[in-house]
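Rule-based calculations on the coordinates, nothing more; no lab input. This one's a predicted model, so the numbers in the text were calculated from it and none came from an experiment. Ideal geometry is used to build each Cβ from the backbone, glycine not excepted, and the neighbour counts take in all protein chains shown.
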Ligand SMILES: Nc1nc2c([nH]c(=O)n2[C@@H]2O[C@H](COP(=O)(O)OP(=O)(O)OP(=O)(O)O)[C@@H](O)[C@H]2O)c(=O)[nH]1
């Protein structure tokens, strides 16, 4: 039986992540440092929304910190979301994936032990990634295919 106090103790941790979409039809993926949760896996750059932040201001901050590039909140659009229950502590993660086609600067891995790579639609699902990211990656593939088609169209 689920007790009311247990139900009330559950919390949802919001994580925001970004599909940075290159006009050639590639998305930037980030390799997580091995000493962190999901270390060694590929994921969309981003992180936790801190208290008093909006989701949009959190993703703008995280992308500056992690990739050294500037994005505008007004350019962001929703791509998909995924949820995961963390059974050990009663918490769950709500991962919101945004997309943008616009940024300023050259994206690079700013964190020690991290790396980034531009990835096309054929390679994306080959990368080892956290379980939450698999449905999100599937939602990104048609966007990449659409961009690649637009680039090669006469
Ligand atoms: N950024 C990001 N986190 C993800 C993805 N998929 C996924 O399961 N997560 C998980 O969501 C959580 C986000 O935490 P984080 O460590 O990136 O956040 P942060 O940068 O704000 O935290 P920090 O201060 O510990 O570095 C991690 O447990 C991470 O493994 C994803 O695509 N992007």
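Annotations for the structure displayed:
- Residue match in segment 111-122 (condition: within 11 Å of the ligand (Cβ to nearest atom) and assigned to a loop (DSSP other than H, G, I, E, B)): yes
- Hits in segment 117-147 - residues which are in contact with a helix residue (DSSP H, G or I) (Cβ under 7 Å, 6 or more places away or on another chain), farther than 14 Å from residue 17 by Cα and buried (at least 18 other Cβ atoms within 10 Å of the Cβ): 121, 124, 144
- Verdict on residue 76 being buried (at least 18 other Cβ atoms within 10 Å of the Cβ), in contact (Cβ under 8 Å) with a residue 24 or more places away in the chain and farther than 21 Å from residue 32 by Cβ: yes
- Subset of segment 44-80 that is touching a strand residue (DSSP E or B) at 6+ places or on another chain (Cβ under 6 Å) and over 15 Å from residue 99 (Cβ atoms) - its residue that is nearest to the ligand (Cβ to nearest atom): 48
- Residues located in segment 90-110, provided they are in a loop (DSSP other than H, G, I, E, B), more than 13 Å from residue 31 (Cα to Cα) and more than 15 Å from the ligand (Cβ to nearest atom): 90, 101, 102, 103, 105, 106
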